[in-house]
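*Asks:* For reference, the structure I am asking about is given below.
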Amino acid sequence: GQQVMQIPQYQHVQEGEDFTTYCNSSTTLSNIQWYKQRPGGHPVFLIQLVKSGEVKKQKRLTFQFGEAKKNSSLHITATQTTDVGTYFCAGSNSNYQLIWGAGTKLIIKP
Amino acid sequence: DSGVTQTPKHLITATGQRVTLRCSPRSGDLSVYWYQQSLDQGLQFLIQYYNGEERAKGNILERFSAQQFPDLHSELNLSSLELGDSALYFCASSDSGLANGELFFGEGSRLTVL
């Protein structure tokens with residue numbers, strides 16, 4: 001079936017370093033959404049990208065949607081302890097169903 | 001506060017039993033989604049309802065069933081429970097039935113099967 005692959009599964013960074021997670025779909029997506037789940041919490045919507053090649057920024061977070069609408073990335077500049085959590089992408093397929101990536105867990109090294 | 005209410009927050013039960021999880025969506029949202037999240041795992045989509053009708057089905061076991069009532073609240077019924085059913089069950093709602101809008105998640109119901 002249709003899948004959205006998300007890598008890496010985990011990323012350990014020092015506070016202040018950058019973080020990036022990538023999502024790749026086997027088919028073209030109508031849109032892609034990003035969510036953040038803090039430890040012990042529930043997923044919270046961050047953003048939705050709709051257009052081919054779209055780039056959106058939220059403070060230190062930069063979201064990209066590929067030209068072919070099959071891949072996306074989330075980049076965090078200069079991570080802070082408040083960024084800790086798991087980041088999920090979720091792509092909408094041609095049947096308007098959300099296909100979720102497995103998530104990337106951001107861990108800040110002490 | 002997302003506006004989505006889930007009850008109970010925690011539930012401990014034994015194998016073979018049946019439980020019902022309840023979700024009240026955000027005011028005005030017609031879509032309700034159910035997800036299962038096992039410890040430190042991703043979100044497994046179970047089922048979606050839109051305005052009382054089943055819209056999409058994911059990896060939902062036959063032992064599980066759900067429905068959405070006329071007042072738009074939803075219930076997820078889990079029966080013949082097994083140890084592996086222990087997980088966090090999230091409900092999410094949106095105003096769209098077409099997966100093109102933000103999902104608002106509840107805080108989840110944590111089910112422990114002993």
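*Asks:* Which of A:T77, A:T21, A:T86 moves the most in a Gaussian network model of chain A with Cα springs under 10 Å?
*Replies:* Checking each option, the largest mean-square fluctuation is seen for A:T77.
*Asks:* Another question, then. Name the residue from A:P8, A:V44, A:T62 whose Cα lies farthest towards the positive end of the charge dipole of chain A, charges +1 on Cβ of Lys and Arg and -1 on Cβ of Asp and Glu.
*Replies:* A:V44
*Asks:* Follow-up. To the nearest 20 debye, what is the magnitude of the charge dipole of the stretch B:1-113 about its Cα centre, counting +1 on the Cβ of each Lys and Arg and -1 on the Cβ of each Asp and Glu?
*Replies:* Approximately 240 debye in magnitude.
*Asks:* How large a share of the accessible area of chain B, in percent, is made up of carbon and sulfur atoms when the probe is 1.4 Å and the other protein chains stay in place?
*Replies:* Heavy-atom surface of chain B belonging to carbon and sulfur, 1.4 Å probe: 45 percent.
*Asks:* Ordered by residue, what ³J(HN,Hα) values in Hz, to whole numbers, does the stretch B:29-43 give under the Karplus form 6.51 cos²θ - 1.76 cosθ + 1.60, where θ = phi - 60° and Gly and Pro are x?
*Replies:* 3J(HN,Hα) across the stretch B:29-43, in whole Hz: 7, 9, 9, 10, 10, 10, 10, 10, 10, 7, 3, 6, 10, x, 9.
*Asks:* Moving to a separate point now. What residue among B:G28, B:P8, B:T112 has its Cα farthest toward the positive end of the dipole of chain B, where the charges are +1 on Lys, Arg and -1 on Asp, Glu, each on the Cβ?
*Replies:* So the residue furthest toward the plus end is B:T112.
*Asks:* Right, something else. Please give the length that would be gained between B:R110 and B:L61 if that part of the chain were fully extended, namely 0.36 nm times their separation in residues minus their C-alpha to C-alpha distance (nm, one decimal).
*Replies:* Extending this stretch completely gives an extra 15.8 nm.
*Asks:* How high is the relative contact order of chain B, given as a whole-number percent (alpha carbon pairs under 8 Å, six or more residues apart)?
*Replies:* Taking the mean separation of contacting Cα pairs over the length of chain B, I get 37 percent.
*Asks:* B:S79: net charge of surrounding residues, Cβ under 11 Å, Lys/Arg +1, Asp/Glu -1, itself excluded?
*Replies:* Value of the local net charge: -1.
*Asks:* Suppose every Lys and Arg Cβ carries +1 and every Asp and Glu Cβ carries -1, with no other charges. What dipole size does the protein assembly as shown come out with about its Cα centre, to the nearest 20 debye?
*Replies:* Roughly 300 debye for the protein assembly as shown.
*Asks:* For chain B, modelled as a GNM with alpha-carbon contacts under 10 angstrom, which of B:L46, B:L11, B:L76 fluctuates the most?
*Replies:* The residue that fluctuates most here is B:L11.
*Asks:* Do any trypsin sites (Lys or Arg not before Pro) in the stretch B:2-45 lie in a DSSP loop with no more than 10 other beta carbon atoms within 10 Å, and if so, which?
*Replies:* Qualifying residues, ordered by number: B:K9.
*Asks:* Using only Cα atoms, figure out Rg for chain A and give it as a multiple of 2.2 N^0.38 Å.
*Replies:* This ratio for chain A stands at 1.02.
*Asks:* So which lysines pass the test for A:K69, namely a Cα distance under 23 Å, with those fewer than 8 places away in the same chain ruled out?
*Replies:* Within reach: A:K36, A:K51, A:K56, A:K57.
The values are calculated or read from the model by the stated rules, or taken from the named source; none is laboratory data. Every value quoted in this text rests on a predicted model; they were computed, and no experiment measured them. Neighbour counts are summed over all protein chains in view; Cβ atoms, including those assigned to glycine, are modelled from backbone coordinates with ideal geometry. To get the accessible areas, we keep the full protein, side chains included, count just its heavy atoms, and leave off ligands, DNA and RNA. Shrake-Rupley method; radii C 1.70, N 1.55, O 1.52, S 1.80 Å.
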